[in-house]
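Report on one structure; see the data block that follows.
What follows draws every value from the coordinates through simple rules; no lab data is involved. Fair warning: this is a prediction, and the values are worked out from it, not measured in the lab. Reconstructed Cβ throughout: ideal geometry from the backbone, glycine too, with neighbour counts over all protein chains shown.
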Amino acid sequence: KWPNHIMNALEHLLVDTDGFNDAGFQKAITPCTNYVSGSQLLGRETAAQWVRVAFHDFATANVQAGTGGIDASIGFETLRPENSGSAMNDSLGFFAPFVNAHVSMADLIALSVVMSVGTCSMPSISIPLRGGRVDATEGGLFGVPEPETDVGTTLGQFKQAGFSQSDAIGLTVCGHTLGSVHHGGFPQVVPESAVTPNNTGGGIHFDATPAAFDVDVLNEYLGWTGQMGGPLVTTDNITVRSDLRLYLSDNNATLQGLAESSDKFIATCVSLLTRMINTTPAAVQLTDIIVPDEVKPVNVSLAVDIAGGVQFSGYIRLLSTAFNASDQVQISWVSRTGASSPLFTTRATGAPVQTGASSMFGTTFYHFFNTAIDPAHGISAFTITVSGHTFSDGGAGYPIQDAAVFLPRETTTAPDGTMNVFAAVLTAAAVHNVTARISAPSPQLGTLSPTIATSEVALRANGTRGRYTLYTAQVPPVPNVRQTTLDLVAGAYHDEFRRIAV
Ligand code: HEM
């Protein structure tokens with residue numbers, strides 16, 4: 001059902017990964033060897049870091065108590081020795097600009113696992129993503145296993161997080177198919193000799209294919225070839241052979257079972273990583289699985305011009321899994337009272353913008369439309385017809401209301417950051433309390449993850465525009481206007497999750 005803001009926003013990050021309307025998330029791990037937070041000579045890999053960060057956030061869950069898990073508490077825990085290495089702050093620093101009123105840091109941590117595994121595999125491995133995680137406001141329990149931790153304690157920590165011995169072994173070997181152990185961060189595991197001019201962080205890979213999510217780590221360990229499972233198996237320092245201790249804790253039985261086939265390894269990893277990212281505090285309600293929308297309204301909105309004319313515009317995004325570049329898009333709507341007319345229809349203009357061939361979900365085709373709506377009739381829902389097939393959001397059409405409309409183009413920002421926001425409210429709707437709820441991601445002490453500061457500002461009437469009354473208010477400066485969103489609330493009418501800066 002459109003619009004579900006959390007699912008819409010996460011779907012955008014997941015699917016729009018190239019060209020027009022690129023959400024900008026996947027670029028950090030394209031190619032999978034890329035390190036987005038510094039020099040490529042460091043020998044670090046962002047895709048691997050993301051998976052490790054999620055593990056460290058998850059590992060301190062206590063499922064009996066219903067606490068911890070993927071809740072972004074890791075942001076407050078980066079100074080703990082158990083979270084050594086640059087991955088935590090690198091990743092949270094990259095994720096922070098994506099946090100907003102509906103996208104939590106914890107959901108981004110989950111998304112990053114889905115992205116890393118999906119991007120760094122061929123054919124792309126799909127981990128189902130749900131949204132709705134809630135960010136912690138402080139650090140959680142201690143207890144991430146470290147290279148020095150004895151195997152009994154390690155298994156106890158996994159058990160507390162809901163993972164059995166074979167789950168723990170499986171999850172670890174799945175994680176350790178990507179990336180490296182670095183001298184910088186883990187000198188007790190990796191000797192200084194690993195540091196070279198092209199590998200200044202001194203990383204030693206877990207397997208021969210550190211940028212590919214594949215079964216190699218397992219085969220190399222069991223076959224004692226290549227990296228033989230990596231530094232946490234082979235290091236001279238016996239105390240920090242944590243992977244070797246874990247893998248041998250059931251005499252390699254779990255790993256031998258997983259090595260039956262690449263498919264079995266992948267299916268087990270998908271299942272374990274899905275459980276890992278869906279481990280959340282008990283109070284969290286996750287959304288349904290986010291399925292890429294084959295037909296998606298994007299930035300669909302109304303605007304009211306000076307003369308009171310109403311403009312209905314946006315994009316319809318089609319996915320190549322169901323459509324191709326020659327498909328035609330038509331949008332039809334019903335009036336404010338639900339009446340239809342042959343006049344209430346428009347075609348998308350021009351050829352679609354075609355992008356994203358490298359996306360995990362195929363190519364996207366963006367069809368732009370822009371049409372006038374007769375303010376006397378208005379609009380309450382629309383349907384999308386693609387080459388003869390009509391999509392109506394599973395029923396009565398995609399809902400849209402024209403009684404309260406935020407006007408981002410009129411909204412201005414003064415040099416000191418104060419904003420003048422504008423909205424138009426249908427005079428006949430007879431609502432007089434018009435409020436803007438501002439959700440501004442704001443810096444939080446002790447973590448790179450922002451918190452959402454919400455404030456409400458009352459708008460006052462300021463003239464008319466045809467059938468509409470214009471409303472306006474001054475909004476004090478916010479720390480980050482690009483991530484700040486506004487919900488306009490006028491009685492029962494809501495124009496939600498609108499960007500203030502366009
Ligand atoms: C007994 C449990 C585990 C221990 C003691 C452990 C320890 C470590 C250590 C010391 C590193 C090196 C980090 C660095 O040098 O930056 C590392 C890397 C990594 N770990 Fe684990 N780990 C464990 C389990 C897991 C699990 C369950 C996952 C994910 C499901 C995981 C994912 C990763 C990844 C992807 C890397 C590579 C990071 C990079 O290249 O930056 N680990 N691990």
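For Met276, the conditions (1) under 27 Å from the mean Cα position of the chain (by Cα); (2) away from the ligand (no atom under 16 Å from the Cβ) all hold with the exception of (2). Going by the conditions given, is His182 within 11 Å of the ligand (Cβ to nearest atom), touching a residue at least 24 places away in the same chain (Cβ under 8 Å), surrounded by 23 or more Cβ atoms within 10 Å (Cβ to Cβ) and more than 23 Å from Ile125 (Cβ to Cβ)? Criteria met by His182. Count of the range 55-90 residues, restricted to those that are acidic (Asp, Glu), within 13 Å of the ligand (Cβ to nearest atom) and over 19 Å from the mean Cα position of the chain (by Cα), is 1. Does any residue of the range 313-327 turn out to be within 28 Å of Arg133 (Cα to Cα) and surrounded by fewer than 21 Cβ atoms within 10 Å (Cβ to Cβ)? Yes, the conditions are met somewhere in the range 313-327. Number of residues in the range 258-273 that are surrounded by 15 or more Cβ atoms within 10 Å (Cβ to Cβ) and free of Cβ contacts under 8 Å to residues at least 12 places away in the same chain: the value is 1. Of all residues in the range 91-142, those that are among the aromatic types (Phe, Trp, Tyr) and surrounded by fewer than 18 Cβ atoms within 10 Å (Cβ to Cβ) total 1. Of the residues making up the range 239-246, none is surrounded by 18 or more Cβ atoms within 10 Å (Cβ to Cβ), away from the ligand (no atom under 11 Å from the Cβ) and either more than 16 Å from Thr172 (Cα to Cα) or in contact (Cβ under 8 Å) with a residue 24 or more places away in the chain (or both).
Of the residues Thr454, Thr411, Thr427, Thr447, the single one that is within 30 Å of Ile70 (Cα to Cα), of a type in the set (Val, Ile, Thr) and touching a Phe, Trp or Tyr at 6+ places or on another chain (Cβ under 8 Å) is Thr447. Restricting attention to the range 131-151, does a residue exist that is of a type in the set (Ser, Thr, Tyr), under 24 Å from Leu42 (Cβ atoms) and in contact (Cβ under 8 Å) with a residue 40 or more places away in the chain? Among the residues of the range 131-151, not one is of a type in the set (Ser, Thr, Tyr), under 24 Å from Leu42 (Cβ atoms) and in contact (Cβ under 8 Å) with a residue 40 or more places away in the chain, which makes the answer no. Scanning the range 4-16 for residues that are out of contact with any strand residue (DSSP E or B) (no Cβ under 9 Å at 6 or more places or on another chain) and closer than 21 Å to Leu318 by Cβ turns up Asn4, Met7, Leu10, Leu13, Leu14. Considering the range 195-225, the residues that are among the hydrophobic types (A, V, I, L, M, F, W, C) and surrounded by fewer than 21 Cβ atoms within 10 Å (Cβ to Cβ) include one that is nearest to the ligand (Cβ to nearest atom), namely Ala211. Picking from residues in the range 477-488 that are of a type outside the set (S, T, N, Q) and crowded, with 19+ Cβ neighbours inside 10 Å, the one that is nearest to Phe406 (Cα to Cα) is Leu488. If the condition is being in contact with a strand residue (DSSP E or B) (Cβ under 8 Å, 6 or more places away or on another chain) and within 19 Å of Thr280 (Cα to Cα), then the range 138-190 contributes Gly140, Leu141, Gln160, Ala161. The condition of being more than 24 Å from the chain's Cα centre (by Cα), closer than 22 Å to Arg80 by Cα and more than 10 Å from the ligand (Cβ to nearest atom) holds for only one of Leu155, Leu141, that being Leu141. Based on what the data block shows, is Ala106 under 21 Å from Phe158 (Cα atoms), within 14 Å of the ligand (Cβ to nearest atom) and under 11 Å from the mean Cα position of the chain (by Cα)? Spelling it out, it is not the case that Ala106 is under 21 Å from Phe158 (Cα atoms), within 14 Å of the ligand (Cβ to nearest atom) and under 11 Å from the mean Cα position of the chain (by Cα).
The residue that is surrounded by the fewest Cβ atoms within 10 Å (Cβ to Cβ), among those in the range 331-385 that are outside any strand (DSSP E or B) and of a type in the set (Val, Ile, Thr), is Thr337.
Filtering the range 459-476 for residues that are within 22 Å of Pro3 (Cα to Cα) and in a strand (DSSP E or B) leaves an empty set. Residue count for the range 109-127, restricted to those that are farther than 30 Å from Gln188 by Cβ and within 16 Å of the ligand (Cβ to nearest atom): 9.
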